[in-house]
Amino acid sequence: MALLVLAAWSAAATFNALRPFRHDWLLLPSMVWSWLVIGLHFQHVVVQVVLAAVLVSLGALVGPVGWIGLAVLLVSWAGSIVLLARTRT
């Protein structure tokens, strides 16, 4: 379950960095969150990889929820690569 929570957080952060919210009351928090994810891109991914490795070593992949979390995390990392490519051009 913890791996799924990490994956959901990672996916939300990546999606927000790729496409920030435009609503008035969400504009500032969304901008700050995407600024941190884009500005600290490498650190963001490294922390996720370390946390995922720890959770997997503790048995996070025992049930289907863990595997779903791992799949979502991998998709989020693919989105992070897209984000990095966008910022480098």
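Using a basic spin-label model with each label point 7 Å from the Cα along Cα→Cβ, how many nm lie between residue 46 and residue 22?
Distance between the two pseudo-spin positions: 3.6 nm.
In Å², and per residue, what accessible area does the chain have when probed at 1.4 Å with the other protein chains present?
Ligands and nucleic acids excluded, the result is 67 Å² per residue.
At 222 nm, what helix-only mean residue ellipticity would the chain give, in deg cm²/dmol to the nearest 500, using -39500 (n - 2.57) for each DSSP H run of four or more?
One gets -28500 deg cm²/dmol as the mean residue ellipticity at 222 nm.
Any number yet on Rg/Rh for the chain, C-alpha, Kirkwood?
So for the chain, dividing Rg by the Kirkwood Rh gives 1.02.
The values are calculated or read from the model by the stated rules, or taken from the named source; none is laboratory data. Predicted model only: the values in this text are computed from it and were never measured. Note that we place each Cβ from the backbone using ideal geometry, even for glycine, and neighbour counts take in every protein chain shown. Protein only, heavy atoms only, side chains kept; ligands, DNA and RNA dropped before computing areas. Shrake-Rupley method; radii C 1.70, N 1.55, O 1.52, S 1.80 Å.
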